[in-house]
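Please read the structure below before turning to the comments.
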Amino acid sequence: MPDERHDSEKVAGVLLSRGYRQVESPESASLVLYNTCSIREKAAQKVFSRLGEFRVKQNEGRIIGVLGCVAQQEGEDIFERAPWVSLVCGSASYRKLPELLAQVEAGNQRVTGLDTDTDETFETEMTRRDNPWRAYLTIIEGCDKACSYCVVPYTRGPERSRASDAILREVRQLAELGYSEVQLLGQTVNSYKDPTARGMRFSELLLAVADEPGIRRVRFTTSHPSDFTRDIVDAIDAQTKLCNHVHLPVQSGSTRVLRAMQRTYSREEYLEKIALIRSAMRPISITTDIIVGFPGETEEGLRETLSLLDAVQYDGIFSFKYSPRPHTPSLAMSDAISEEEKSRRLAMLQEKQREIQTRKHAALVGETFEILVSGKSRRENQWSGHTTCHRVINFSSQEPALLGKYVRVQVTGATPNCLVGEQAP
Ligand code: 5AD
Ligand code: SF4
């Protein structure tokens, strides 16, 4: 997910600004920071086994630190289980990393940064960005929803929106640096509430970002259905720089399961949001997240999720087997579903979506899209990039240097997962 990747960039930015230099491999590093994410996997176990490998490095005088969700979740327990670790820091405290490192360098063996409520979270001007054309920008941190399966409210703390003027200033700087696409990030990005006197709504912020000179594409993710309002669709209709793609996680097609998940909407209410998006003048592509095998999900519950795919005709889905996470309400729920059964349900879901995508993609053959070129294949004259609706197209072109450029591509073929084409004359 972009958020975790973005976190590593933030950390790298903070360190670079303090005179640290990035090296190719952990072997040649004098400081190893292990960034972790626990949203879906049993990450903690993996982290501890990986940390075992780092033990040797500490004997060689290296500083070992753990960052991210697992750091936040396990806290000081990490020092007990892996005493060679000397720094544990959650994502809200990255700004303090240089100070925390100074403490470690001064010989302190157990340094922590575990606050979740610091208002300094966003002040990371030095963020280093990996994709040279798309800039990621967090506009809201944390989450005030309370989905029963989700560890995020615990690891990332309550929702905090960043000031609109600071966001727009950063977008301006990014555009000056040559970025033409920005992706606004947040766990519930559309719950954004401008804390300043300007009081911008999320849709107004989108339009203001698009107005910054040099910006050609604005994306945003992840939207929460309950906060998805008509003005967002109106903004996309009014301003073509706003990408016509909405990622709107549904999680389940069964109202009963949604209630157990504490998702704050029913199947019907979700479908009303879909109807709102479909009523736009521009076709807006829609993607989603789905969890199968939530405790108590019946065969009927699964059928309702499958029929939701038929009803919505998503352009893409991310699907997951339910995984019990620490500190979540659903951890204590009975009616657990076996791993085997979860796998069966996941396969059914993915097969259904494959059929839908095969059909949808086939219908696109012959159409022409503008794409931002972001990849070059090892094969000669082969490139790839995204359409504004976030479809990937692999295409051929005789032009020599296309990376970072916008070109028109005609679709000549399709598979369930991608499109192929050639540059249009
Ligand atoms: N088990 C499985 N999937 C999960 N997700 C979040 N928590 C869990 C969990 N405990 C999925 C949701 C969310 C996406 C980012 O990860 O679908 O939208
Ligand atoms: Fe987790 Fe729900 Fe918040 Fe998304 S909205 S981060 S799933 S609690």
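The values are calculated or read from the model by the stated rules, or taken from the named source; none is laboratory data. Owing to the predicted nature of the structure, the values given are computational and were not obtained by experimental measurement. With ideal geometry, Cβ positions are generated from the backbone for all residues, glycine too; neighbour counts draw on all protein chains shown.
Listed values, structure above:
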{"read-out": "Qualifying residue in the range 154-174 (condition: buried (at least 21 other Cβ atoms within 10 Å of the Cβ), under 15 Å from the mean Cα position of the chain (by Cα) and at pLDDT below 95)", "value": "yes"}
{"read-out": "Residue match in the range 298-306 (condition: more than 22 Å from the chain's Cα centre (by Cα), part of a helix (DSSP H, G or I), within 14 Å of ligand 2 (Cβ to nearest atom) and more than 25 Å from Asp231 (Cβ to Cβ))", "value": "no"}
{"read-out": "Single residue of the range 330-355 satisfying the filter (touching a residue at least 60 places away in the same chain (Cβ under 8 Å) and surrounded by 15 or more Cβ atoms within 10 Å (Cβ to Cβ)) that is farthest from the chain's Cα centre (by Cα)", "value": "Met333"}
{"read-out": "Enumeration of residues in the range 139-161 that are of a type in the set (D, E, K, R) and assigned to a loop (DSSP other than H, G, I, E, B)", "value": "Asp144, Lys145, Glu159"}
{"read-out": "Criterion (aliphatic (A, V, I, L, M), within 16 Å of ligand 1 (Cβ to nearest atom) and not in a helix (DSSP H, G or I)) met by exactly one of Val182, Val218, Val246, Val257", "value": "Val246"}
{"read-out": "Single residue of Val151, Val189 found to be within 25 Å of Cys389 (Cβ to Cβ), within 16 Å of ligand 2 (Cβ to nearest atom) and among the aliphatic types (A, V, I, L, M)", "value": "Val189"}
{"read-out": "Positions within the range 260-282 being out of contact with any helix residue (DSSP H, G or I) (no Cβ under 7 Å at 6 or more places or on another chain) and within 16 Å of ligand 1 (Cβ to nearest atom), in sequence order", "value": "Ala260, Met261, Gln262, Arg263"}
{"read-out": "From Ser226, Ser191, residue being surrounded by fewer than 19 Cβ atoms within 10 Å (Cβ to Cβ) and either touching a residue at least 12 places away in the same chain (Cβ under 8 Å) or on the phi > 0 side of the Ramachandran plot (or both)", "value": "Ser226"}
{"read-out": "Any hit, the range 376-397, residues being within 25 Å of the chain's Cα centre (by Cα) and under 29 Å from Gln262 (Cα atoms)", "value": "no"}
{"read-out": "Considering residues of the range 289-337 that are more than 15 Å from ligand 1 (Cβ to nearest atom) and hydroxyl-bearing (Ser, Thr, Tyr) only, the residue farthest from Thr155 (Cα to Cα)", "value": "Ser307"}
{"read-out": "Close pairs (7 angstrom Cβ cut-off, 6 or more residues apart or separate chains): more than 20 Å from Ser323 (Cβ to Cβ) in the range 251-264, within 12 Å of ligand 1 (Cβ to nearest atom) anywhere", "value": "Thr264/Lys145"}
